[in-house]
1. Considering only residues of the stretch 511-528 that are among the aromatic types (Phe, Trp, Tyr) and open to solvent by 30 Å² or more (accessible area, probe 1.4 Å), which is nearest to residue 680 (Cα to Cα)?
2. Under the condition of being open to solvent by less than 50 Å² (accessible area, probe 1.4 Å) and among the hydrophobic types (A, V, I, L, M, F, W, C), which residue from the stretch 582-614 is modelled with the lowest pLDDT?
3. If you check residue 448 against the conditions, is it surrounded by 16 or more Cβ atoms within 10 Å (Cβ to Cβ), in contact with a helix residue (DSSP H, G or I) (Cβ under 8 Å, 6 or more places away or on another chain), at negative phi and touching a residue at least 40 places away in the same chain (Cβ under 8 Å)?
4. Which ones in the stretch 451-483 are in a loop (DSSP other than H, G, I, E, B), hydrophobic (A, V, I, L, M, F, W, C) and buried (at least 20 other Cβ atoms within 10 Å of the Cβ)?
5. Just one of the numbered conditions (1) over 48 Å from the mean Cα position of the chain (by Cα); (2) open to solvent by 30 Å² or more (accessible area, probe 1.4 Å) is not true of residue 128; which one?
6. Being open to solvent by less than 70 Å² (accessible area, probe 1.4 Å), among the small types (Gly, Ala, Ser) and assigned to a strand (DSSP E or B) is the requirement here; does residue 43 meet it?
7. Looking at 2, 76, can you tell me which residue is at pLDDT below 75 and either within 18 Å of residue 103 (Cα to Cα) or of a type in the set (D, E, K, R) (or both)?
Amino acid sequence: MKPIKAFVALLFAIVCVCTCALAVACAEEEKTYSVTFDVKGHGEAPETITGLAAGSLVEKPEDPECEGYVFNGWFKDRKCTDDWNFETDTVTEDIILFALWDTQKYTVTFDVKGHGEAPAAITGLEKGAGIQKPEDPECEGYVFNGWYKDGECTEQWNFSTDKIDGDATLYAAWQEIYPVDNKATFDRNVDGAEYFSVAAAGNYAFTLTFDGGEAGAVKEYRLDGEAQFTVLGDGGTGNQTLYLAKGVHKIEKADEGYAAKIALDALDMPFNEVVEFFGETCALKVATAGGEDTVPTVRFGYGSASDQAHAISFDGEFYTLTVKEMNGGVYEYYQIKIKINVYNDSAHTVEVYTKTGDEWNTRPDDVLELAKTAAEVSGYLNINGLNECKVENSFQYVYFTLLDNKYKWLEFSGVADGTKFYWVDVNASRTGDLGAEIEIVNGEPVKIANGTMYDHLNHIAVKPAGGADGVSFSVREVPEPAPDPGLSEDNPIVLTANEPFVLKKGNKETPYYFSFTPEAAGDYFMSVYYESSDGTKYKVQRCNVDNIMNYLPFRMPSVEELANGKQVTLAEKTYKFSVLIGGGGGQLTVSIEKIEKAEGGIKAGTYIGGFKHNKLPFTFDFTFVVNDENSMTVTRQMKLGGNDYGTPVTSEPVELVDGGNGSYSVMVTVGDPYKFVITPVADGSLNITYDEYTFTAARQ
């Protein structure tokens, strides 16, 4: 038995040893690790990842965020020199990953809003940093007025105190420079600062009008930063003459705003009296013709006669005159220069220069050099590319010859804002007589011929914008565009009831065509008028219905009636009509509104409405009181400037007369006799027509 017991004991020992070894091995295989994230005090750390077996990859958490900082990855060490690669690095122990942060960098860009060249963007800015003011941009015809935080330029950036708190764009503020010369006048309301330029030094007339200013009052304003004073006359206007140097000037208010007009006045002195000056071979007589807008008369040579100077400029020293003289029965144009030496505010001596080639001589000659004409300085319009032309001396316009380009559809591009195009007769005078303005819009096709009184002209004149000395634009020929609706009878503008049609800028010489088909026969309110830029309504020149002879169910209203709106009765068929704006042209409005009829006649009650008189400064308010017996009393109250004028007048009760078409009429006397045509409307109000007026009376 002893050997058996010994074997059993040995076997038990072996089992115990194996069991312990297996337990140790299992314990080692089940050990796991954790990954902790240290954001180093910035933002919120991701949650710790636990239960990772040895050799496991770590799932990349969502990047933390912190205002003013940029997260740049996770690293194995606090100094962030060895980055953790989530694609390849594995866990072998508990670890901490450290966040790397960089300070947020910002950029400031500059928007010059289409004028001049923008400064370079400033990059790499930290939050709270200031920025250095860049060099001011420049643009011909404009004054730079600082950098602003918003595109509307309402809040200026202060380079001394403002700090960066993110990416930013600064916007340039500009003010236009208004040119003043013998053709143009500065005419603006000054409620801050305005800029103008003078092409030549000389005397300029200032006319300043202060709203509510009393005669004799002394008013202050500022010119080029210096205080100026003017004494007001009647109408609150002060007049004075100031000498201005050639260049840009700034005029601004002091205590209050005012209207300012500044015009060239240099010709008033020394051309203020008749004086004869004699030279070796000529006599020169200088005189004004008596009117404010005239230029001097120049007599050159013994016995030779000339008309008034045709063009004149002053550069601060010399007057350059283009003189029209009779030569062999034909007028020709010549140029001379005059230097007037002033002593004690009077013309003392005059030096006369004539031109031979490009040289101005010091001694007058009997024969002057012919001045150029508009025809001679004109060039051909290039419809295959760029047109770049300078304004030649003594001219204000650039002239182009059209010839074969007429009647073509052209597209202009690169035209500076403010550039003006005109038809011109280059043979009418030396500088050409301007005709109608041609409306040129960048990128929009235009036919260079209008088939009217200017169709015989073969030249156009272009006035550069902002007093520039030249123009630059490209032109290309394009196919004829499809006609817009309304420009032909076959393609009319289709009107819809209660949806007014508005044409923002109608051509005064172009007829516009319309059609309207009522959904149902009945009464409609028809309006046709155009508005000027100040919002004043005007009658159109003509409104024709083409089927007026086709048994119209209504009398065609006059253009005067249509301007104020007129009630008409329409059948259920299509009406076609055309409108010619005429006058000065402007915004055309055509509207046909359905008048909804109420059932059961006019309900008893009180109704109030009125109208503004077209010719008198009065508003007429009416109160209509209807009783159960279908009779009415009317009370009229006149108003002037929103206040009651006179006492109200009330009529005797008068019976309403049923017109049989859903409308009623009544004749009352309230100060003056009135015949009202009254139509009840479904909303409970009354549509009322009196003479040329139509208005609504609301039920109280």
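The values are calculated or read from the model by the stated rules, or taken from the named source; none is laboratory data. Owing to the predicted nature of the structure, the values given are computational and were not obtained by experimental measurement. When we count neighbours, we look across all protein chains shown, and the Cβ atoms used for this are built from the backbone with ideal geometry, even at glycine. For accessibility, only protein heavy atoms count, side chains too; no ligands or nucleic acids. Shrake-Rupley method; radii C 1.70, N 1.55, O 1.52, S 1.80 Å.
1. Among them, the one singled out is 525.
2. 598
3. It is true that residue 448 is surrounded by 16 or more Cβ atoms within 10 Å (Cβ to Cβ), in contact with a helix residue (DSSP H, G or I) (Cβ under 8 Å, 6 or more places away or on another chain), at negative phi and touching a residue at least 40 places away in the same chain (Cβ under 8 Å).
4. The one that is in a loop (DSSP other than H, G, I, E, B), hydrophobic (A, V, I, L, M, F, W, C) and buried (at least 20 other Cβ atoms within 10 Å of the Cβ): 457.
5. (1)
6. So residue 43 fails the test.
7. 2
Results for (1) modelled with pLDDT of 90 or more; (2) open to solvent by 20 Å² or more (accessible area, probe 1.4 Å); (3) in contact with a Gly (Cβ under 7 Å, 6 or more places away or on another chain), shown as yes or no for each residue.
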residue	(1), (2), (3)
616	no, yes, no
623	yes, yes, no
627	no, yes, no
640	no, yes, no
644	no, yes, no
650	yes, yes, no
666	no, no, no
691	no, yes, no
699	no, yes, yes
